[in-house]
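Step one of this worksheet: look at the structure below.
The values are calculated or read from the model by the stated rules, or taken from the named source; none is laboratory data. For clarity, every value in this text was computed on a predicted model and none was experimentally measured. Glycine also receives a Cβ, built like all others from the backbone with ideal geometry; neighbour counts cover every protein chain displayed. In case anyone asks, the SASA skips ligands and DNA or RNA and just uses the protein heavy atoms, side chains included. Shrake-Rupley method; radii C 1.70, N 1.55, O 1.52, S 1.80 Å.
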Amino acid sequence: MKSLIALATLTQLTGAAFGGACAPPSITATVLTPDKTSIDQDGGVVVGLITGFGDKADKDLAKLDWKFEEGGVSNTPTITRVAPGLAVFVPTKPVKQLTFQKITVTYAATPRRDMPMAVAPNVTGIKLASYSGPRSSGSSTDATLGAAPPKGTIAVLVYDPAEQKAGKQAKSWASIADLKAKTVQLASSGRCQTLVPGTRTSSLGDKVVLVWLDAEGHQSLPSKEIEIK
């Protein structure tokens, strides 16, 4: 299955193939951290905005009234944005086992890492391909990997190189659904697709760096700079 795309969209074109009206778009806040994840003491739960159809509009993660609960007591999280429509919700410490929306997470007593965060994405190339037809057109931006994403990866962040070095947010992101994949779709565009607010798309000739994000909100080292061709 293709990676879920929050950079541009993750939905298939509805009605576009027939030139009809597009269904009302939706943007839904979704917990990306799997249920029963064991989280390091400096980690949190990853939440992303996912686009689709259906009139829902969760456009700002900071405005969500989502709280952790431990033993029936609410715990208000600190929200750290890592990209447009992507943030890490971190509870007030110390904590042990908490519920958050429909998942339960456990905080480890000692520091550790589930994924090798020192491993940067091994990217051999990024290609932007356009397509057109009698009733619709679009594009797909795909990264070819020299090695599959490491264990624990749930998303890839797309950075402007200078902004990544300056500690700024990523310009866009995409979910990782298949850890065995050697190709990752970073973006797609089409007639009925919707951008998550704040997303900055990458164009032909742009240079970017990629960074893995794990289920606890930790970021890997950046890849080398890659030009989109």
Positive minus negative residues near Ile228 (Lys, Arg vs Asp, Glu; Cβ under 15 Å): +1
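Work through the residues other than Arg200 whose Cβ is under 13 Å from its Cβ and net out their charges, Lys, Arg +1 and Asp, Glu -1.
-1
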Could you identify which residue out of Gln101, Gln185, Gln193 has the top mean-square fluctuation in a GNM of the chain using Cα springs shorter than 10 Å? Gln101
Among Lys67/Lys207; Lys96/Lys171; Lys56/Lys165; Lys56/Lys224; Lys36/Lys182; Lys96/Lys182, the pairs whose Cα-Cα distance exceeds 31 Å are Lys67/Lys207; Lys96/Lys171; Lys56/Lys165; Lys56/Lys224; Lys96/Lys182
Order Tyr131, Tyr107 by their accessible area, 1.4 angstrom probe, all chains in place, largest first. Tyr131, Tyr107
Where both residues lie in the chain, what percent of DSSP beta bridges are antiparallel, nearest 5? 95 percent
Report Rg/Rh for the chain, rounded to two decimals, where Rg is the Cα radius of gyration and Rh the Kirkwood radius. 0.98
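Could the peptides 21-32, 138-149 be put in order, highest first, of the mean number of other beta-carbon atoms found within 10 Å of their residues?
Put in order of decreasing packing, that is 138-149, 21-32.
Which whole-number percent is the relative contact order of the range 34-113 (Cα, under 8 Å, 6+ apart)?
After rounding, I find 41 percent.
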Between Ala29 and residues 5 or more places away or on another chain, the pairs with built amide H atoms under 5 Å apart involve Ile50, Asp58
For the chain, what is the calculated [θ] at 222 nm in deg cm²/dmol (nearest 500), taking -39500 (n - 2.57) for each run of four or more DSSP H residues and dividing by its residue count? -500 deg cm²/dmol
Using a Förster radius of 41 Å, what is the FRET efficiency between Ala148 and Ala21 based on their Cβ-Cβ separation? Nearest 0.05, please. 0.55
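In percent, how large is the relative contact order of the chain, given Cα pairs closer than 8 Å and 6 or more residues apart? It would help to have the intermediate numbers written out before the result.
On the way: 599 pairs, mean separation 63.0, N = 229.
Once normalised by length, the contact order is 28 percent.
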Please work out how much accessible surface Lys224 shows to a 1.4 Å probe, ignoring ligands, DNA and RNA, in Å² rounded to 10. 130 Å²
Using a simple spin-label model with points 7 Å from Cα along the Cα→Cβ vector, what separation in nm is obtained for Thr80 and Thr28? 2.8 nm
